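What follows is a set of notes on a single structure, which appears directly below.
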């Protein structure tokens, strides 16, 4: 009985509190509903923007009838999509495609700039190794050899398990060969010519390594047996270099 009286008292006290604080309670409920509605609208708008960005990107990939199938859309068109939808996954892909298209068009300066922007804006993307490799290739195409070598080495250091590293090592080895540093090139070819390396790059590295050794015979591995510091001697036999064994005189018998 005492428990039922306590429960009833608590209920009436709660009603009284709500009556006294009705305005604050209604404001609190309104804020919560507003937050829920805002989250829904934001999610819907984000999905809608992503859809529109994907549709714009697909429109660029679909070539008009009669257009050269190898040409593709120009880099400037992909760049427009990337700039219009910068915070979407489609915009991310559009930026990388813009950089690649600029490179294919021979606009290496523009390609380098967009690859760098991608690395800056989407550094944690799964496409980051491709962007880093693209930047290095753009510098290479611009004949900025030292900068290109540093960029290729950056790919090797940052993404050791990504396939982009195999291509970076091959390109870096070629630059070492051009700079007449065959030892450094051979080191990279040996890194790739291993069972654990990516198979396609391993085969290419093996061919290049063989060509490099043919051009620089001093790089060929030597398997000559180790030389002995002194000739071996057997009991009762003495040897002369280049001659037949000579009998060793026996000690005179004791009388």
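Inclusion of residue 165 among residues that are surrounded by fewer than 17 Cβ atoms within 10 Å (Cβ to Cβ) and either on the phi < 0 side of the Ramachandran plot or not assigned by TED's automatic domain parsing to the domain that holds residue 134 (or both) is not warranted. All told, residue 173 meets the bar of being farther than 17 Å from residue 116 by Cβ and either modelled with pLDDT under 95 or in the same structural domain as residue 206 (by TED's automatic domain parsing) (or both).
Return a yes/no flag: does region 110-131 have any residue that is under 24 Å from residue 168 (Cβ atoms) and over 19 Å from the mean Cα position of the chain (by Cα). Checking region 110-131: at least one residue is under 24 Å from residue 168 (Cβ atoms) and over 19 Å from the mean Cα position of the chain (by Cα).
Residue by residue, here is whether (1) under 29 Å from residue 184 (Cα atoms); (2) in contact with a strand residue (DSSP E or B) (Cβ under 7 Å, 6 or more places away or on another chain); (3) surrounded by fewer than 22 Cβ atoms within 10 Å (Cβ to Cβ); (4) free of Cβ contacts under 8 Å to residues at least 60 places away in the same chain holds:
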site: 86; (1), (2), (3), (4): no, no, yes, yes
site: 91; (1), (2), (3), (4): no, no, no, yes
site: 99; (1), (2), (3), (4): no, no, no, yes
site: 124; (1), (2), (3), (4): no, no, yes, yes
site: 127; (1), (2), (3), (4): yes, no, yes, yes
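When each of 138, 119, 157 is tested for being loosely packed, with under 15 Cβ neighbours inside 10 Å and assigned to a helix (DSSP H, G or I), the lone residue that passes is 157.
The values are calculated or read from the model by the stated rules, or taken from the named source; none is laboratory data. Being a predicted model, the structure only gives us computed values, none of them experimental. For neighbour counting, all protein chains shown are included, and Cβ atoms are generated from backbone atoms with ideal geometry for every residue, glycine included.
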